1. Looking only at the range A:12-25, decide whether some residue is among the hydroxyl-bearing types (Ser, Thr, Tyr) and closer than 22 Å to residue A:98 by Cβ.
2. Find all pairs meeting these conditions: Cβ atoms under 6 angstrom apart; at least six residues apart or on different chains; first residue within the range A:123-134 and surrounded by 12 or more Cβ atoms within 10 Å (Cβ to Cβ); second residue not hydrophobic (A, V, I, L, M, F, W, C).
3. Considering each residue of the range A:116-137, count those that are within 16 Å of DNA strand B (Cβ to nearest atom), of a type in the set (A, V, I, L, M) and assigned to a loop (DSSP other than H, G, I, E, B), and give that number.
4. Among residues belonging to the range A:100-116 that are out of contact with any strand residue (DSSP E or B) (no Cβ under 8 Å at 6 or more places or on another chain) and in contact (Cβ under 8 Å) with a residue 40 or more places away in the chain, point out the one that is surrounded by the most Cβ atoms within 10 Å (Cβ to Cβ).
5. For the range A:34-57, give me each residue that is within 16 Å of DNA strand B (Cβ to nearest atom) and among the aromatic types (Phe, Trp, Tyr).
6. Would you mind telling me which numbered condition in (1) within 21 Å of residue A:43 (Cα to Cα); (2) within 15 Å of DNA strand B (Cβ to nearest atom) residue A:60 fails?
7. Against the definition (within 22 Å of residue A:47 (Cβ to Cβ) and out of contact with any strand residue (DSSP E or B) (no Cβ under 7 Å at 6 or more places or on another chain)), how does residue A:96 come out, yes or no?
Amino acid sequence: MTAAIWLLKTEPDQFSILDLADRGDTGERWNGIRNYQARNFLRTMQVGDVALIYHSACAVPAIVGSAWVISAPYDDVDAIDPASPYFDVKSSASNLRWSAIDIQFSQRWAQPVTLAQLKAAVELSDMLVLRQARLSISPVLPAQYSAILALAQQNEKQSTFTTPTV
DNA sequence: GCCAACGTTGGC
DNA sequence: GCCAACGTTGGC
């Protein structure tokens, strides 16, 4: 059984790929998802799946690296913690509406693949996040993943030849 | 900071 | 179950 690929959005002002790298082997709890479609995707995640990390609401929205899923989905207990910003009045211990997973840093891409590049790639026209801009967790098909990795490689090559050393 | 897209809420 | 009002997301 092959690992699935996911795209996880985060606002770098809140939590960036560098913050994830700092967590090291401990990883980070991906919680606070409060959208049913995203939650339903999250609930199908498995240990060993790949998570592409996307920076949103920033100067250059882009996929900036990747992570591993290191836990099965579990209850997002912040939903029943009144002190949490993710508190949800409609959740209770016996009826917890939301889930979380843990992820661990894998790599930071030297040259992020920008939203503009994703939009420009014909192979990615069906990528769910491009069709539903507000979805914070979305699946990435194997062929789409390949296309994204190709863009990342292409970016790296170009930077090797064109980046002047100042 | 603006605004389009879109999910959620709640009255009826 | 419809739909208007409202809130949030996120690119630009």
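The values are calculated or read from the model by the stated rules, or taken from the named source; none is laboratory data. Just so it is clear, the structure is predicted and the values come from calculations on it, not from any experiment. Please note: Cβ atoms are built from the backbone with ideal geometry, for glycine as well, and neighbour counts cover all protein chains shown.
1. Step one: of the range A:12-25, the residues among the hydroxyl-bearing types (Ser, Thr, Tyr) are A:16.
With closer than 22 Å to residue A:98 by Cβ added as a condition, the list becomes none.
Within the range A:12-25 (the criterion being among the hydroxyl-bearing types (Ser, Thr, Tyr) and closer than 22 Å to residue A:98 by Cβ), the answer is no, since none of the residues qualifies.
2. A:124/A:144; A:127/A:144; A:128/A:138; A:129/A:138
3. Of the residues in the range A:116-137, 3 are within 16 Å of DNA strand B (Cβ to nearest atom), of a type in the set (A, V, I, L, M) and assigned to a loop (DSSP other than H, G, I, E, B).
4. The initial filter retains those residues of the range A:100-116 that are out of contact with any strand residue (DSSP E or B) (no Cβ under 8 Å at 6 or more places or on another chain), namely A:110-111, A:116.
Subsequent filtering for residues that are in contact (Cβ under 8 Å) with a residue 40 or more places away in the chain retains A:110-111.
Numbers: A:110: 11, A:111: 18.
The qualifying residue surrounded by the most Cβ atoms within 10 Å (Cβ to Cβ) is A:111.
5. Start the filter on the range A:34-57 by keeping residues that are within 16 Å of DNA strand B (Cβ to nearest atom), which leaves A:34-43, A:55-57.
A:36, A:41, listed by residue number.
6. (1)
7. No.
Conditions (1) more than 21 Å from residue A:38 (Cα to Cα); (2) more than 14 Å from DNA strand C (Cβ to nearest atom); (3) not aromatic (Phe, Trp, Tyr), marked per residue:
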residue	(1), (2), (3)
A:95	no, yes, yes
A:101	no, yes, yes
A:105	no, yes, no
A:109	yes, yes, no
A:116	yes, no, yes
A:127	no, no, yes
A:130	no, no, yes
A:133	no, no, yes
A:141	no, yes, yes
